[in-house]
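Have a look at the structure below, then the notes.
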Amino acid sequence: MSLSPEHVLPERQLKELQKAILDFMQTQGYAESSQVFARETDNEGFVADATDRHHNLLAKKWTSVIRLQKKIMDLETRLSKLQDDIATGAVGLRRAAKPTEWLPRPPAKQKLAQHRLPITGVRFHPQYTVLATASEDMTVKIWDSESGDFERTLKGHTKSVQGMAFDAKGAVLVTCSADLTLRVWDVADEYKCVRTLHGHDHCVSAVSFLGPDKLVSASRDKTVKVWELSTGYCIRTLAGHAAWVRDVSVSPDARMICTASNDQSIRLWDPATGECKGDMRGHENVVEAARFAPPAAHPALRRLAGLPPAPRPPRPSSAAGVDATNGEADAVENAAQFIISGARDKTLRLWDATTSTLLHTFVGHDDWVRDFVFHPSGKTLISVSDDKTMRIWDLATGRCTKTIEASTHFTTCIDFSAVNPRVATGSVDTEVSLWECR
C-alpha cells in the first residue's frame with residue numbers, strides 16, 4: 001500500500017522519529033523489536049542514552065498531543081457557547097476601543113530587574129521612549145521603555161531616592177532624596193549632574209516642575225519649597241502642614257499647587273504668594289498622593305459629582321477686549337478645580353478644590369493606596385496599592401472596572417507614557433513592570 005504524499009515526513013524529521021521510537025523500545029525492554037526496527041531503518045548502532053536529545057521524546061510528544069487535544073476541545077466548547085449567546089442576543093458585540101482609550105492588559109510585557117532595593121518611583125520621558133526608575137538603593141536607572149533594555153545608572157544621592165520629575169521638554173531630570181537634597185541631571189549631556197539643591201532639613205519626598213524654570217518640592221520637614229532652577233536658589237518656603245509632606249502636584253496652568261501629608265490633609269497653595277487657599281480633610285490616615293485632574297478628565301468628574309457641565313467662556317469680541325480677558329480668566333481658574341488623593345485608609349477621594357468639598361470616595365483597594373495616574377483620555381484613572389494590585393476606575397461612575405495583579409509585593413508607583421501606550425509600575429519586590437495597553 002502506497003502512502004499519500006501528505007503523510008511522508010521530510011528526511012530529517014523521519015530520522016528524528018525513528019530514533020525516538022528506538023529510544024522508546026530500548027528503554028521499555030523491547031530488545032528484539034528494536035533490533036529489527038534499527039536494521040530496517042538503517043539505524044543499527046543506536047543506543048538509548050539519557051543525555052541524548054531523543055531520550056523520552058516520544059512520550060513527551062504523546063502527552064503534548066493529548067494536552068493540546070484537550071485544549072482544542074475546551075476552546076471549541078467555549079466558541080460554540082459564545083456563538084449561541086450572540087445568536088440569542090445574550091451577549092452583544094462591542095466595538096474595539098480606540099487607541100486613545102487603550103488600557104493596560106496582563107500579563108506584564110517586560111520585567112526590569114536591576115535595582116537591589118524597593119522601587120520608589122517610575123517616570124516616562126515626555127518625548128522619547130525613555131523610562132527613569134528610582135529606588136531605595138540610592139540610584140536612578142534609565143531604560144528604553146520600548147525594548148526594556150537597560151541604558152545607564154545615575155549615582156550621586158547618598159540615601160534613598162524618593163521622587164523624580166522630567167521638565168516638559170525632557171531636557172532635565174530632577175530627583176529628590178532622603179539625603180535632604182535635590183539633584184538636577186542634564187539629559188542631553190549623558191545625564192550629568194549639573195546642580196545639587198540644599199535647603200530642606202529632612203527627607204525630600206517629592207518634586208514637580210512649576211513652569212520651565214521653577215521647581216517645587218515636598219519634605220518630611222513639614223515644608224514645601226519653591227526653587228529657581230537656573231540658580232538653584234530656594235525662593236519661597238510654604239509652611240502650614242503639621243507633619244511630613246508626602247506629595248506635591250502642580251495644576252495644569254502652573255498657577256496652583258496641592259500637597260498631601262501625614263497630617264491626613266490635602267492643601268491648596270498659591271506658590272506666588274505662599275498663601276494656603278484650601279484645606280481638604282476627610283481621609284482617615286496618611287495621604288500618600290494628591291494630584292490635580294487634567295482638563296480632559298473634568299467632564300467625567302462633573303458627571304460623577306452630579307455637577308452641571310462647565311459653562312463655556314465668552315468668545316472674544318473685536319469690540320470688547322474686556323470680555324475676552326474675562327473668558328481667559330474663567331478658563332484658567334477651572335484648570336485647578338478638581339483634585340484626587342490616595343491614602344492609607346485604602347481609598348481615593350475626589351475634591352472640589354475651589355470649595356475644599358469632598359465630592360466622591362473611590363472604594364475598592366484592600367490596603368494602602370500608594371500612587372495613581374490619569375489616563376490620557378480623561379475617562380479613567382489607574383491606581384496601585386500595597387494590596388499588590390493595579391486598579392482601573394471609570395471616572396464618570398466612580399466604579400472599579402478592572403483589577404490586575406501587578407506584583408508579588410506592595411506596588412508603590414505608576415506612570416503612563418505620553419509617547420506610546422504603555423504603563424510602568426514599581427514594587428517593593430525591586431522589579432519594574434512594563435504593561436502594554438491595547
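The values are calculated or read from the model by the stated rules, or taken from the named source; none is laboratory data. What you see is a predicted model; the values in this text were computed from it and never measured. All Cβ positions, even for glycine, are placed from backbone atoms using ideal geometry, and neighbour counts span all protein chains on display.
General remarks:
- Selection count, region 39-66, where residues are part of a helix (DSSP H, G or I) and out of contact with any helix residue (DSSP H, G or I) (no Cβ under 6 Å at 6 or more places or on another chain): 10
- Flag if S205 is surrounded by 20 or more Cβ atoms within 10 Å (Cβ to Cβ) and touching a His at 6+ places or on another chain (Cβ under 9 Å): no
- Tabulated pairs, region 243-254, first modelled with pLDDT of 95 or more, second charged (D, E, K, R), C-beta under 7 angstrom, 6+ apart or interchain: A243/K222; A243/D263; W244/R220; W244/K222; V245/K222; R246/E288; D247/E288; S249/R291
- Where strands (runs of 3 or more DSSP E) fall wholly inside region 142-257, the ranges with 3 or more residues that are of a type in the set (A, V, I, L, M, F, W, C) are 161-166, 172-177, 181-186, 192-198, 204-209, 214-219, 223-228, 233-239, 245-250.
- Qualifying residue in region 389-398 (condition: in contact with a Phe, Trp or Tyr (Cβ under 8 Å, 6 or more places away or on another chain), closer than 23 Å to V286 by Cα, surrounded by fewer than 20 Cβ atoms within 10 Å (Cβ to Cβ) and at pLDDT 95 or above): no
- Whichever residue in region 144-163 is over 21 Å from V194 (Cα atoms) and not acidic (D, E) and, among such residues, is surrounded by the fewest Cβ atoms within 10 Å (Cβ to Cβ): S147
- Screening L197, L215, L238, L229 for residues that are crowded, with 23+ Cβ neighbours inside 10 Å and more than 25 Å from M280 (Cα to Cα) leaves exactly one candidate, L197.
- Qualifying residue in region 82-105 (condition: part of a loop (DSSP other than H, G, I, E, B), loosely packed, with under 14 Cβ neighbours inside 10 Å and at pLDDT 85 or above): no
- Test: residue in region 288-301 that is modelled with pLDDT of 95 or more, in a strand (DSSP E or B) and within 20 Å of T181 (Cα to Cα): no
- R123, sole failed condition from (1) among the basic types (K, R); (2) surrounded by fewer than 19 Cβ atoms within 10 Å (Cβ to Cβ); (3) within 20 Å of R370 (Cα to Cα): (2)
- Residues satisfying the stated conditions in region 180-224, i.e. over 23 Å from T139 (Cα atoms) and either modelled with pLDDT of 95 or more or of a type in the set (D, E, K, R) (or both): L210, D213, K214, K222, T223, V224
- Unique residue being in the same structural domain as T430 (by TED's automatic domain parsing) and within 24 Å of the chain's Cα centre (by Cα) when the list is G199, G163, G156: G163
- Residue satisfying condition, being in contact (Cβ under 8 Å) with a residue 40 or more places away in the chain, within 16 Å of the chain's Cα centre (by Cα) and either more than 24 Å from D137 (Cβ to Cβ) or not assigned by TED's automatic domain parsing to the domain that holds P126 (or both), within set T425, T380, T347: T380
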